[in-house]
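The values are calculated or read from the model by the stated rules, or taken from the named source; none is laboratory data. Remember, it's a predicted structure, so these values are computed and weren't measured experimentally. Positions of Cβ are generated from backbone atoms using ideal geometry, with glycine treated the same way; all protein chains shown enter the neighbour counts.
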There are 2 protein chains.
Amino acid sequence: MRYSATHKQETREKLLNKSRELAKKEGFGGTGVDAFMKAIDMTGGAFYTHFESKAELFAELVEQELEFSTEMLAGDEDAPADHVARKLRSYLSSAHALHPETGCVLPTLGPEIARASPEIKARVEKALKRLRDAWSERLDDDDAGWALLAQCVGALILARVVESERTRREILSASRRFLERVEKAPRE
Amino acid sequence: MRYSATHKQETREKLLNKSRELAKKEGFGGTGVDAFMKAIDMTGGAFYTHFESKAELFAELVEQELEFSTEMLAGDEDAPADHVARKLRSYLSSAHALHPETGCVLPTLGPEIARASPEIKARVEKALKRLRDAWSERLDDDDAGWALLAQCVGALILARVVESERTRREILSASRRFLERVEKAPRE
DNA sequence: GTCTATATACGGATAGAC
DNA sequence: GTCTATCCGTATATAGAC
């Protein structure tokens, strides 16, 4: 054959990586197959050597996004004591708000995932539950896992729908202070 | 003319109302002009008597959504003392999560608004700031306005991307309990 | 004001040459 | 495996009849 043994796999990986960026920036539905392929300097026809359909790319892409994100956010036993607090700070940053293409998938593709197939949503649920469990266990707080996640996702959405950088920073810093305060809150 | 004096205005209102529902359910970009018109039993061609373009409909639709939502959530001086707590409970309900078409626009069209024009985002910002101010003033808590809004939007997104009704309820109830707890939290 | 018909572009997907 | 060319459906938008 005219291509190396690993060529197809490499192309697929490049395609997935670029697609994840593009989809988070412009929306998955808003990006055509030709645009995904052009981003890796290829033409539309070659797409179907790697995926049966555009929908299959979406499934793969969401799977990878959640795998990477949850692994990064959850942390392991070697993580420092303030691991969650650190992740919250970097998640709730202007840099994150200004760069959806390299950020968390939920504030960008959340609504599209919500409309996706039960199979996709079941896999998303599994990944999110692992992250929630990790955070709740680490903080010894049953509610905090889901609540901190929600605070992160919601604050990013708000930060991105406003126009001024000033308001964007207000939203993010209010959210950060709010969460710090809860660490000292009483539990019944 | 063959139509009453108020006919055009009535049609436009019907179109806007139905479009707001449809866009929140299927996404604005994912819904065609023909689909919007068919929802009020008309054909696509008539759309352009009422709007110059599909983008103009988006601007109008987002404007109305935020006007209605923020007015409803903010409350006025006649509202009961537990006004915000009531709104939080109804926002963070399974009913809301299961019915995007009649719910808040941010968890459904948030990412599309984030990609919209500066003019649209500036108007969204103005409406959101009014709501934030109302809540922060009512709770006498500078951070709570933005933070509660973010928690609401994020929890709805999470509740909608998971598959099982059980997990959906867990997310929403964790979020509600978390917010109740903060009411008793210390402020520095 | 709304209809049907249509211009024009772009969407996802396939066929066949290389 | 990737290319070009193409099929076909659907998208936004316009033109002209009623």
Quiz item: Does the range B:95-112 contain at least one residue that is of a type in the set (Asp, Glu), closer than 28 Å to B:SER136 by Cβ and within 16 Å of DNA strand D (Cβ to nearest atom)?
Solution: yes
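Residues checked against (1) within 26 Å of A:LEU66 (Cα to Cα); (2) touching a helix residue (DSSP H, G or I) at 6+ places or on another chain (Cβ under 6 Å):
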position	(1), (2)
A:LYS129	yes, no
A:GLU137	yes, no
A:ASP141	yes, no
A:TRP146	yes, yes
A:GLN151	yes, yes
A:ALA155	yes, yes
A:VAL161	yes, yes
A:ARG181	no, no
Quiz item: Of the residues that sit in the range B:1-60 and are exposed (fewer than 13 other Cβ atoms within 10 Å of the Cβ), more than 8 Å from DNA strand C (Cβ to nearest atom) and hydroxyl-bearing (Ser, Thr, Tyr), which one is nearest to the other protein chains (Cβ to nearest Cβ)?
Solution: B:SER53
Quiz item: With respect to the numbered conditions (1) among the acidic types (Asp, Glu); (2) surrounded by fewer than 20 Cβ atoms within 10 Å (Cβ to Cβ); (3) within 11 Å of chain A (Cβ to nearest Cβ), which one is the sole condition not fulfilled by B:ASP140?
Solution: (3)
Quiz item: Right, B:VAL153: in contact (Cβ under 8 Å) with a residue 60 or more places away in the chain and within 7 Å of chain A (Cβ to nearest Cβ) or not?
Solution: no
Quiz prompt | Subset of the range A:47-65 [closer than 15 Å to A:GLY32 by Cβ and of a type in the set (Gly, Ala, Ser)] | solution = A:SER53, A:ALA55
Quiz item: In the range B:165-185, how many residues are more than 7 Å from every other protein chain (Cβ to nearest Cβ) and either modelled with pLDDT of 95 or more or closer than 15 Å to B:VAL153 by Cβ (or both)?
Solution: 8
Quiz item: So how many residues does the range A:125-147 have that are within 15 Å of the chain's Cα centre (by Cα) and either free of Cβ contacts under 8 Å to residues at least 12 places away in the same chain or within 15 Å of B:ARG176 (Cβ to Cβ) (or both)?
Solution: 3
Quiz item: Out of the range A:163-179, which residues are touching a helix residue (DSSP H, G or I) at 6+ places or on another chain (Cβ under 6 Å) and either among the aromatic types (Phe, Trp, Tyr) or part of a loop (DSSP other than H, G, I, E, B) (or both)?
Solution: A:GLU163, A:PHE178
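Results for (1) in contact with a Gly (Cβ under 9 Å, 6 or more places away or on another chain); (2) among the aliphatic types (A, V, I, L, M), shown as yes or no for each residue.
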residue	(1), (2)
A:GLY103	no, no
A:LYS121	no, no
A:TRP135	yes, no
A:VAL161	yes, yes
A:THR167	no, no
Quiz item: When you go through B:ASP133, B:ASP141 one by one, which is the residue that is over 26 Å from B:GLY29 (Cβ atoms) and touching a Lys or Arg at 6+ places or on another chain (Cβ under 8 Å)?
Solution: B:ASP141
